[in-house]
Structure formats: C-alpha cells, structure tokens
1. Can you tell me which of (1) open to solvent by 50 Å² or more (accessible area, probe 1.4 Å); (2) part of a loop (DSSP other than H, G, I, E, B) is the one Tyr272 doesn't meet?
2. Take segment 182-212 and flag every residue that is more than 16 Å from the ligand (Cβ to nearest atom) and β-branched (Val, Ile, Thr).
3. Does Leu78 count as within 14 Å of the ligand (Cβ to nearest atom), within 18 Å of Ala135 (Cα to Cα) and either modelled with pLDDT of 95 or more or out of contact with any strand residue (DSSP E or B) (no Cβ under 6 Å at 6 or more places or on another chain) (or both)?
4. Restricting to segment 103-123, and then to whatever is small (Gly, Ala, Ser) and crowded, with 22+ Cβ neighbours inside 10 Å, can you tell me which residue is farthest from Thr54 (Cα to Cα)?
5. Go through segment 68-86 and give me each residue that's farther than 19 Å from Phe248 by Cα and either in contact with a His (Cβ under 9 Å, 6 or more places away or on another chain) or of a type in the set (Ser, Thr, Tyr) (or both).
6. Within segment 165-181, restricting attention to residues that are of a type in the set (Gly, Ala, Ser) and away from the ligand (no atom under 16 Å from the Cβ), which residue is least open to solvent (accessible area, probe 1.4 Å)?
7. Of the residues Val45, Val149, Val52, which is β-branched (Val, Ile, Thr), open to solvent by 20 Å² or more (accessible area, probe 1.4 Å) and more than 14 Å from the ligand (Cβ to nearest atom)?
8. What number of residues in segment 155-184 are over 11 Å from Leu139 (Cα atoms), touching a Lys or Arg at 6+ places or on another chain (Cβ under 6 Å) and not in a loop (DSSP other than H, G, I, E, B)?
Amino acid sequence: MSTTFTVDTATSRATPVAAPMKRLTIPAVRRRKAEIARGEGQPLVMLTAYTVRTAQLLDPHCDLLLVGDSLGQVIYGLPSTVPVTLEMMAAHGAAVVRGSYHAAVVIDMPFGSYEASPEHAFASAARLMKETGAAAVKLEGGAAMAPTVRFLSERGIPVMGHVGLTPQAVNMLGGYGARGRTQEEASKIIEDAQAIAAAGAFAIVVEGVVETVAIEMTRSVDCPTIGIGASAQCDGQVLVAEDMLGMFERVPRFVKRFDELGERIAAAAQTYASDVRSRAFPGPEQVYAAKS
Ligand code: KIV
C-alpha cells in the first residue's frame, strides 16, 4: 500500500491518503520493454511537469513525470535550455515530487552540470536526488556520455538518456531541425543509443529524428525508447505538457494539441477584466456579510 492524495479545494493542498497505489519504480519502467515485446505491456506515458499543481493533475495518468529543462523556455522565458541552472531544476523537481504519488519522477540535468567528468556528474545528480526526491536523472548525449551513464548507474543513480535532437547542444547543431536525415547521421544516432543502453541507461528519450531511425533504435536497444517527434513504434511517448495543452500559438510539427488552454485562459482573463471594470465582480456571493 502506498499513497495517493485528495486535494483540499479550499487551499488546493494535496493531502496524502492510503490507497492501493504504488509509485512506479525505475526497474518497472525498464521491464516495460520486455512486457511490450511479449505483447503484455502498454507504451510508457510521460509528460513534463514543473509545478506542484500541474504534477497533481497529470500524475494519475502518467507512468513518468519529467521535470524537463524545457522549463527554461516554458517557465522562465529563456531563449534556450542552456542558461538553466541546478538551482532551478532542484526547486521545480522538489515541487513536482511533492505533487505526485504515482508516476516515477525524472529530473533533467542542466547544461554544464554533468559534461566535464563522471565525478562532476555524480555530484550534480546526487544533489538533485537529495534535494528533490526524484527517482532518476536524465542527461543528453550519446557515446561520449556512456562512461558517465555507467558511473552514475553503478553508484545508485538511474539514468535516462536523450539522443537525436539534443536541445542543450543547439549551439553545435545550429538549430532544432530533425536529425538523422543522412545515412551517416542516422547510424551515429543509433550507435549513440546503443552505447548508453549498454552503459546502463534504464530508458532513452529519442527526440526529433527521422521515423526509421527511431524504429531501428527501438529494435536494437534493450531498454525502452520514449519518443518525441520520433515514432509511434517507440516504447513510450513524451510531450511538453504546455505544448499539448495548447498554451502556445506555435508548436513544432510533432506536437498534437489536446486542448486550447491558452485561448481559454485568455478568454477567462478578458471576462474577469470586463467584470472588474463594470463592477459585476465581486458579486454578493464573493463578499463577506457582517454577523447578524
Ligand atoms: O526538457 C524537456 O522537456 C525534454 C523533453 C522534451 C524530452 O527533455
């Protein structure tokens, strides 16, 4: 028996309650690959979450919540993920863990916190795990990162890999276009995935690649692949929650909008502004009467 939560609607606070529900473990995520191969498992569902309330809403529906460094653009309005710091990741990671009871929480290691050496990566990852309670970290990169993936995995830190379009490398890549269009690039991406899988990654995000690359990769590694702009044949899918909720006017081609929340928020704000200006708000239901 683990916990789920009820939300106190007066304060929006989540109160843990006993329930026959258990947070998904990293070994269970890894096992999904074999279950899917046997026809017994469903694709892994992952969404990004950066705040406690979003985590509460997404958690019951997801196997994994990713505290992505995409929070740089989504929450902080930064031009890329490059300026994101460990402090930002730790603060948002802790909020998402507090708001979730079912999904495994994975936290991105920000640019500059893991590339220099496996030892540096361990210090950064250990800090994130201690300060947030997340179950695992994610880092970008292929074969060059394999020794780091092995170093962390062998020391008790589960690592999710991230290959293909790796946004932290935008200054090397020159943009966010799909990868793997040439045979040479396709082979390199697949070799990258194989290298980090062999080093112990428990799952690999494959982002922005030609579909055949994602399919071949999924067949050739023994851990689950989680696609974003990849293929429905990956072992799972991830999207940035704000993208799929329709919070932005423009989204990449691979995003399906499951709502138009941006438009609905703007419409609600417009109605609120109009009610304030016309003195229709607050009405009698929203003001306090003196005791009679
Ligand atoms: O930072 C992020 O949100 C990610 C996903 C796009 C996979 O890495």
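1. Of the numbered conditions (1) open to solvent by 50 Å² or more (accessible area, probe 1.4 Å); (2) part of a loop (DSSP other than H, G, I, E, B), the odd one out for Tyr272 is (2).
2. Scanning segment 182-212 gives Thr182, Ile190, Val210, Thr212.
3. In short, no.
4. It comes out as Ala121.
5. Thr85, the sole residue that qualifies.
6. Looking at residues that are of a type in the set (Gly, Ala, Ser) and away from the ligand (no atom under 16 Å from the Cβ), I get Gly180.
7. From the options Val45, Val149, Val52, the qualifying one is Val52.
8. Count: 1.
The values are calculated or read from the model by the stated rules, or taken from the named source; none is laboratory data. Quick caveat: nothing in here was measured; it's all calculated off a predicted structure. Counting neighbours? That spans all protein chains shown, and the Cβs are built from the backbone with ideal geometry, glycine included. Side chains are part of the model used for accessible areas, which takes the heavy atoms of the whole protein and leaves out ligands, DNA and RNA. Shrake-Rupley method; radii C 1.70, N 1.55, O 1.52, S 1.80 Å.
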